[in-house]
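Chemist: The structure is given below, and queries will be raised subsequently.
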Amino acid sequence: MPKISVVIPLYNKESYIKNTIESVLHQDFKDFEIIVVDDGSTDNSLRIVKQFAHTFITTISQQNQGVAKARNTGVQAASGELIAFLDADDLWLPHHLSEIATLSQKFENASFFATAYRLKINRHRYPVVYDFDEPYTLLKPYYRYDNGHTLFYISNFAIKKSVYIHEKGFKSGIDGEDTEFFIRIGQKYPLAYSNNITMIHLKEAENSLFSRYKLEKKIRLLNFFKDDEQKDQYLKAYLDKHRFAWIMESRINGKSQIGEKLKREILLKNLNYKQKILIKLPSFLLRLLKITQRKLQQTGLFLSAFSK
């Protein structure tokens, strides 16, 4: 029985899935199995997966039911004590699973685990590392320490299978199911974090899960935690960072009414000085700044409202 089960949900990622699976096969930690759940792909994704003739790769096909259902299906079939998720357009560095195993050994009371990562935008890579005092850190609740540069994505996240089953996995039928799940477990369990970079998150990948979210659907995530954030100052601060990002998105895309509603819900003390300035700027200027930000990214310069 493998120590780690790698669950990869797959939907129309023929341009990426080969490299993604190869990044798992090249891990220096070998005690793992791979479970690919094809969620009704209509391209050549599944055919590419089946070209890998490895006994420890299991392929499950289902009708298109969404990524939450696909991940839950993968976990149900998993035999490892730890579940490591990987989206079909992301990549692991060779030491990712060994780092997850190290975290699970160092922090036996931790229930889920995450590592530092790089964002890949076009041809440029930007490290996202939370530089805590120690290279391995126990965080509870994790969102207390999230400054708006996402602490972890699904692809550098792992969890004890027993905890995942107890918490009934991802909610299906919602957008942002991973964020909802992270917050839900973060309220109860400690996170073990490594500031060693082990994953590459491809922001430019076509049909990426995050880019498909609609603004209104993202905002619905707040409904799950309306009562909780009134009692938890760290959760309130974390969700206000999301509100800020959604305000910027709504105003840049001509949906100022949504932005104004969110603005009334924010505690300004939860924003940094750049965010307090940006939130007051007119929409046309925000659009100009967004264009400038994207042009700078093409040159390798990454600017963010969440940086100090």
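Chemist: If the requirement is being basic (Lys, Arg), touching a helix residue (DSSP H, G or I) at 6+ places or on another chain (Cβ under 7 Å) and within 21 Å of residue 183 (Cβ to Cβ), which of these qualifies: 287, 243?
Modeler: Criteria check complete, one pass: 243.
Chemist: Then there is this: Would you mind telling me which numbered condition in (1) modelled with pLDDT of 90 or more; (2) within 22 Å of residue 217 (Cα to Cα); (3) not hydrophobic (A, V, I, L, M, F, W, C); (4) not in a helix (DSSP H, G or I) residue 280 fails?
Modeler: Condition not satisfied by residue 280: (2).
Chemist: Among residues belonging to the stretch 52-78 that are in contact with a strand residue (DSSP E or B) (Cβ under 6 Å, 6 or more places away or on another chain) and part of a loop (DSSP other than H, G, I, E, B), point out the one that is nearest to residue 158 (Cα to Cα).
Modeler: For the stretch 52-78, the residue satisfying everything is 78.
Chemist: Here are the criteria: (1) within 21 Å of residue 241 (Cα to Cα); (2) modelled with pLDDT of 95 or more. Tell me which single one residue 155 does not satisfy.
Modeler: Only one criterion is unmet by residue 155, namely (1).
Chemist: For a quick check of your reading of the model, give me the residue pairs whose first member lies in the stretch 26-41 and is closer than 16 Å to residue 97 by Cβ, whose second is at pLDDT below 95 and aromatic (Phe, Trp, Tyr), with beta-carbon atoms closer than 6 Å and at least 6 apart or on different chains.
Modeler: Close Cβ pairs satisfying both conditions: 33/56.
Chemist: Okay, moving on. If you take the residues of the stretch 65-116 that are surrounded by fewer than 24 Cβ atoms within 10 Å (Cβ to Cβ), touching a Lys or Arg at 6+ places or on another chain (Cβ under 9 Å) and acidic (Asp, Glu), which of them is nearest to residue 138 (Cα to Cα)?
Modeler: So the residue we want is 81.
Chemist: With respect to the numbered conditions (1) at pLDDT 95 or above; (2) of a type outside the set (Lys, Arg); (3) surrounded by 15 or more Cβ atoms within 10 Å (Cβ to Cβ), which one is the sole condition not fulfilled by residue 227?
Modeler: That leaves (3) as the condition not met.
The values are calculated or read from the model by the stated rules, or taken from the named source; none is laboratory data. The model shown is predicted, which means the values in this text are computed figures rather than measured ones. When we count neighbours, we look across all protein chains shown, and the Cβ atoms used for this are built from the backbone with ideal geometry, even at glycine.
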